[in-house]
Amino acid sequence: MIRFSMMRHGHTAWNRAHQIQGRTDIPLDDQARKDLSEFALPEGWEEADLYASPLSRARETAKIVAGRDPHVVDALIEMDWGKWEGKKGVDLKADPNSGFRDIEAWGWDYRPPAGESPREVWARVAPWLFSLQSDTIAVCHIGTMRMVLAKAYGWDFMGPAPFAVKRNRLFVVEIQGHEIKIADPSIVRLKRRGS
């Protein structure tokens, strides 16, 4: 059995403006760097293998919190939001012709224009995930994390999500063969430096 934990990258200017980032490589902002520098990996996770998405906001988050460079894995890149990248969800939702839906009504095959569906994200993440040989941390994105957690919880992107992805936490699943399930504990808070 392998423990696999995911951590969301720190804030960017687009996060704070509620813009959809997707694969656009927006860096961490200065406040995020300052905030992240107050945290370290929690006990029991310091020696875990460390990976990150190729996007700079994930790589830098990993280095700040773990104090070492992560291995970069293309499969961990954020969901492709296609033509909606840079736009605000609230604006898309207000436009009846946009096709935008809340996550509770996606299903596995919902796709932004010229973007990626949850099923397609899972299809690129799963082979890497099921190849892991030891406890692993991945610093990545809310979209990527949602797909893994949806599989672990058995959620089909219909109705309220059984989880909420927040920052400064590890979201932990257990992997055995090609089976994935929620770990106990399922959420582990990062450690405050000096505590």
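For Arg124, project a label point 7 Å along Cα to C-beta. Then give me every residue of region 34-52 with its amide nitrogen under 18 Å of that point. It comes to 51-52, nothing else. Label zone of Arg193 (point 7 Å out along Cα→Cβ, amide N under 20 Å): in region 42-62 this covers 42-48, 50-51, 57-62. A straight line joining the Cα centroids of region 61-121 and region 143-192 runs 17 Å. Taking 0.36 nm per residue of separation and subtracting the current Cα-Cα distance, fully stretching the chain between Asp69 and Ala94 would add 4.9 nm. Peptides 7-14, 65-72, 91-98, 79-86 ranked from most to least packed give 7-14, 79-86, 65-72, 91-98, packing being the mean of other C-beta atoms within 10 angstrom over each peptide's residues. Within the same chain, lysines fewer than 8 places from Lys166 are excluded, and of the rest, those with a Cα less than 20 Å from its Cα are Lys34, Lys63, Lys88, Lys151, Lys181, Lys191.
With all protein chains in place and ligands, DNA and RNA left out, the 1.4 Å accessible area ranks His18, His141 as His18, His141, largest first. From helices alone, the chain scores -7500 deg cm²/dmol at 222 nm; the rule is -39500 (n - 2.57) for each run of n ≥ 4 DSSP H residues, then divide by the residue total.
Note the full-extension length gain between Trp155 and Gln133 as 0.36 nm times their separation in residues minus their Cα-Cα distance, in nm to one decimal.
5.3 nm
Remark on region 106-147: ratio of C-alpha radius of gyration to 2.2 N^0.38 Å is 1.30.
The values are calculated or read from the model by the stated rules, or taken from the named source; none is laboratory data. Everything numeric here is computed off the predicted structure, so don't read it as measured data. Cβ sites come from the backbone with ideal geometry, for glycine too, and all protein chains shown count toward neighbours. Heads up: the accessible areas ignore ligands, DNA and RNA and are worked out on the full protein's heavy atoms, side chains in. Shrake-Rupley method; radii C 1.70, N 1.55, O 1.52, S 1.80 Å.
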